[in-house]
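Here the structure is laid out as structure tokens; the discussion comes afterwards.
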Amino acid sequence: SLLSTSPFFPLLYVTANYPMLAATAPFPPFQASWCVLPSRVLLVLTSQKGIQMYESDGSIMVYWHALDVLEPPPAQAVFARGIAAASGRFICVGTSSGLVLVFDIPSKGTNITLSEVLQEHRDSITDIASEVGENPDGAADLVTADDSGALCVWRSKEEFSLLTKISAFGWTCSSVKLWNGVIAAGYGNGQIRLYEATSGALRATVSAHARWIYALDVAPLTGKLLSGAEDSYVQIWKLSRSPDTGDIEIEHCHSECVTDTQLCGARFCDPEGNSFAATGYDLSEIVRYGQV
């Protein structure tokens, strides 16, 4: 167990800013993510007005997409949320209307185009995740989640096709990850649910936190799963499949309390899951933890 043999300790407190982005971003960012494609890395920011794509160092904005054309009437909230790269050439971004916008990204330059709009969701998109583990040809490689708790599982090729839809059960799905055909979904009631990506079958339910889960992350090389929630705890789990039956298994490895902090973001800092970083509401620091 990591809890007994290799505890995590805070290694670094970082106060980060992007002065170039502060000067060039037309609206305050709502969410940010680096999207890694085979030919380039883009920094994608979402806001209440649109979607911005920058070169990876934030120096040049290469694309701007306004939301007002595709969004509902002004009386409703307008924003973009949920960012993921898919199929080596696409970046997918969710919106408050439930649409998922699919952008075709060239290997260089600014000729980025909106190639497809996915319309299966009826509620605001909360998160989007692409497969970070092994993905057999033709298998599910993208999952989208919304405010109602519904999940849609997609295969992304030249065009995106819906493989299965997982029904809501009364709680928002706030964060979702996809690893080796396993969907890990975090919910507002503190549960983590594990599903088979290809069939949508529920395989495990874990009462992971006492309050709303705001962050999930997967270490692609090891299958470690991180969850962070408003209860101030980061939990580390281990996902695997039984060698005999192929069933999904989950094991608790470590629990870390970030004292007096309602966590709103957390993720691993390396592909093995040996360190992670976390931050919270009204906290200007990012706390990094590592195994020592």
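Quick one: how many residues across segment 250-292 are loosely packed, with under 15 Cβ neighbours inside 10 Å, part of a loop (DSSP other than H, G, I, E, B) and not acidic (Asp, Glu)?
Qualifying residue count, segment 250-292: 5.
Quick one: how many residues across segment 108-158 are part of a strand (DSSP E or B), modelled with pLDDT under 95 and among the charged types (D, E, K, R)?
Residues in segment 108-158 being part of a strand (DSSP E or B), modelled with pLDDT under 95 and among the charged types (D, E, K, R): 2 in total.
Of the residues that make up segment 1-24, is at least one of a type in the set (Ser, Thr, Tyr) and modelled with pLDDT of 55 or more?
So in segment 1-24, the residues of a type in the set (Ser, Thr, Tyr) come out as 1, 4-6, 13, 15, 18, 24.
From what's left, modelled with pLDDT of 55 or more: none.
No - not one qualifying residue is present in segment 1-24.
For segment 76-107, name all the residues that are part of a loop (DSSP other than H, G, I, E, B), out of contact with any Phe, Trp or Tyr (no Cβ under 7 Å at 6 or more places or on another chain) and under 21 Å from Glu55 (Cβ atoms). Don't jump to the end; show me each part of the working.
We begin by selecting, within segment 76-107, every residue part of a loop (DSSP other than H, G, I, E, B); these are 76-79, 87-89, 96-99, 105-107.
Adding the requirement that they be out of contact with any Phe, Trp or Tyr (no Cβ under 7 Å at 6 or more places or on another chain) leaves 76-78, 87-89, 97-99, 106-107.
Across segment 76-107, the qualifying residues are Gly88, Arg89, Pro106, Ser107.
For segment 69-78, check the following and say yes or no: at least one residue is at pLDDT 90 or above and farther than 23 Å from Ser199 by Cβ. Quick ask: steps written out before the conclusion?
Kept after step one, since they are at pLDDT 90 or above, are these residues of segment 69-78: none.
No: segment 69-78 contains no residue that is at pLDDT 90 or above and farther than 23 Å from Ser199 by Cβ.
Determine, yes or no, whether Ala139 is closer than 20 Å to Cys92 by Cα and either of a type in the set (A, V, I, L, M) or touching a residue at least 40 places away in the same chain (Cβ under 8 Å) (or both). Give the steps one after another, and end with the answer.
Numbers: closer than 20 Å to Cys92 by Cα: yes; either of a type in the set (A, V, I, L, M) or touching a residue at least 40 places away in the same chain (Cβ under 8 Å) (or both): yes.
Considered against the rule, which asks whether it is closer than 20 Å to Cys92 by Cα and either of a type in the set (A, V, I, L, M) or touching a residue at least 40 places away in the same chain (Cβ under 8 Å) (or both), Ala139 comes out as yes.
Is it true that Arg211 is part of a loop (DSSP other than H, G, I, E, B), under 23 Å from Leu99 (Cα atoms) and of a type in the set (Lys, Arg)? Even if it seems obvious, please write down each step before you answer.
Working: part of a loop (DSSP other than H, G, I, E, B): yes; under 23 Å from Leu99 (Cα atoms): no; of a type in the set (Lys, Arg): yes.
Considered against the rule, which asks whether it is part of a loop (DSSP other than H, G, I, E, B), under 23 Å from Leu99 (Cα atoms) and of a type in the set (Lys, Arg), Arg211 comes out as no.
Filter segment 164-174 down to the residues that are in a strand (DSSP E or B) and either surrounded by fewer than 19 Cβ atoms within 10 Å (Cβ to Cβ) or polar (S, T, N, Q) (or both) and list them by number.
Taking segment 164-174 first, the residues in a strand (DSSP E or B) are 164-166, 173-174.
Selection gives Thr164, Lys165, Ser174.
Run Ala150 past the list (1) farther than 18 Å from Ser242 by Cα; (2) touching a residue at least 24 places away in the same chain (Cβ under 8 Å); (3) in contact with a strand residue (DSSP E or B) (Cβ under 6 Å, 6 or more places away or on another chain) and report the number of the one that doesn't hold.
(3)
Answer with yes or no whether Gly186 is at pLDDT 95 or above, touching a His at 6+ places or on another chain (Cβ under 7 Å) and surrounded by 17 or more Cβ atoms within 10 Å (Cβ to Cβ). Working first, answer last.
On the way: at pLDDT 95 or above: yes; touching a His at 6+ places or on another chain (Cβ under 7 Å): no; surrounded by 17 or more Cβ atoms within 10 Å (Cβ to Cβ): yes.
So Gly186 does not fit the description; no.
Can you find even one residue in segment 53-64 that is assigned to a strand (DSSP E or B), within 25 Å of Cys173 (Cβ to Cβ), modelled with pLDDT of 90 or more and touching a Ser or Thr at 6+ places or on another chain (Cβ under 7 Å)?
Going residue by residue through segment 53-64, those that are assigned to a strand (DSSP E or B) are 53-55, 61-64.
Filter again for within 25 Å of Cys173 (Cβ to Cβ), leaving none.
No: segment 53-64 contains no residue that is assigned to a strand (DSSP E or B), within 25 Å of Cys173 (Cβ to Cβ), modelled with pLDDT of 90 or more and touching a Ser or Thr at 6+ places or on another chain (Cβ under 7 Å).
If you scan segment 117-129, which residues turn out to be buried (at least 21 other Cβ atoms within 10 Å of the Cβ) and acidic (Asp, Glu)?
The one that is buried (at least 21 other Cβ atoms within 10 Å of the Cβ) and acidic (Asp, Glu): Asp127.
Check Asp104 against each of (1) under 20 Å from the mean Cα position of the chain (by Cα); (2) open to solvent by less than 20 Å² (accessible area, probe 1.4 Å); (3) modelled with pLDDT of 95 or more and name the one condition it does not meet.
(2)
Does segment 242-258 hold any residues that are within 16 Å of Leu202 (Cα to Cα) and of a type in the set (A, V, I, L, M), and which are they?
Result: Ile248, Ile250.
Being of a type outside the set (Gly, Ala, Ser), surrounded by 15 or more Cβ atoms within 10 Å (Cβ to Cβ) and farther than 30 Å from Leu221 by Cβ: is that true of Leu114 here? Give the steps one after another, and end with the answer.
Working: of a type outside the set (Gly, Ala, Ser): yes; surrounded by 15 or more Cβ atoms within 10 Å (Cβ to Cβ): no; farther than 30 Å from Leu221 by Cβ: yes.
No: the conditions fail for Leu114.
Out of Leu216, Leu226, Leu221, which single residue is of a type in the set (A, V, I, L, M), under 19 Å from Ala129 (Cβ atoms) and not in a strand (DSSP E or B)?
Values: Leu216 fails: not in a strand (DSSP E or B); Leu226 fails: not in a strand (DSSP E or B).
Exactly one residue qualifies, and that residue is Leu221.
The values are calculated or read from the model by the stated rules, or taken from the named source; none is laboratory data. No experiment lies behind these values; they were computed from the predicted model shown. FYI the Cβ positions are ideal-geometry reconstructions off the backbone, even for glycines, and counts take in every protein chain you see. Protein only, heavy atoms only, side chains kept; ligands, DNA and RNA dropped before computing areas. Shrake-Rupley method; radii C 1.70, N 1.55, O 1.52, S 1.80 Å.
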